[in-house]
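Okay, so here's the structure we're looking at.
Derivation of every value follows stated rules applied to the coordinates shown; laboratory data play no part. Quick caveat, the model's predicted, so the values are computed rather than measured. Here the Cβ positions follow ideal geometry from the backbone for every residue, glycine too, while neighbour counts run over all protein chains shown.
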Amino acid sequence: MRHRVAGKKLGRSPAHRRALFRNLVTELLDHEIVRTTGAKAKELRRWGDRMITLGKRGTLHARRQAASVLQSTTVVQKLFDELAGRYGSRAGGYTRVVKLGVRPGDAAEMAVVELVDRPGGGDEKKAGKTGRGGRGKKAGTKAGTKAAAEAPKAKPQRRRAAAGA
């Protein structure tokens, strides 16, 4: 039973997990949107909400706590100057997780974590979703057919005869 155990282990050591989420939360606050797996997204939501809460406090101690987690001083400045003012009247729930479907390579559930009320919000396509179920330009699509017709034909490579055959 996992009573009173917060967070997921994600198959990583504690140091690796902390480094992963420090990088992810720094990128989330910098770009205001991050594309990652579903399990990481749910945990990243906790880290992001905590950082914005520190930014809303605005004290020197809160700034030092945020700086100990975030990887960039410019992101710390953005957190305390811009994001704290934007979410000053909001009581919580500063981030949103939008599920994108499965990744073609390993069928991992993908999701986007974004800040609520961000400028240009709701554009998951910029975060990496193609809009065709994860497929790129393939021969079955119009764009793929046009690109295939315009591409020059490559010469087929000859196979070497097997040594000793």
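Is it the case that the stretch 5-24 has a residue that's over 25 Å from residue 105 (Cα atoms) and β-branched (Val, Ile, Thr)?
Pass one, the stretch 5-24, residues over 25 Å from residue 105 (Cα atoms): 5-7, 14-15, 18, 22.
From what is left, the residues that are β-branched (Val, Ile, Thr) are 5.
Scanning the stretch 5-24 turns up at least one residue that is over 25 Å from residue 105 (Cα atoms) and β-branched (Val, Ile, Thr).
Please go through the stretch 10-35 and give me each residue that is outside any helix (DSSP H, G or I) and either under 11 Å from the mean Cα position of the chain (by Cα) or without any contact (Cβ under 8 Å) to a residue 24 or more places away in the chain (or both), ordered by number.
Initially, the stretch 10-35 is screened for residues outside any helix (DSSP H, G or I), giving 10-13, 32-35.
Correct list: 11, 12, 13, 32, 33, 34, 35.
Pick from 17, 63, 96: which is within 15 Å of residue 112 (Cα to Cα) and surrounded by 15 or more Cβ atoms within 10 Å (Cβ to Cβ)? Show your work before the answer.
Details: 17 fails: within 15 Å of residue 112 (Cα to Cα); 63 fails: within 15 Å of residue 112 (Cα to Cα).
Among 17, 63, 96, only 96 is within 15 Å of residue 112 (Cα to Cα) and surrounded by 15 or more Cβ atoms within 10 Å (Cβ to Cβ).
Considering only helices (runs of 4 or more DSSP H) fully contained in the stretch 36-104, which possess at least 1 residues that are under 17 Å from the mean Cα position of the chain (by Cα) and aromatic (Phe, Trp, Tyr)? Please lay out each step first, then the result.
Details: elements: 38-57, 60-69, 73-78.
Answer list for the stretch 36-104: 38-57.
There is no residue in the stretch 48-60 that is more than 24 Å from residue 117 (Cβ to Cβ) and surrounded by 13 or more Cβ atoms within 10 Å (Cβ to Cβ).
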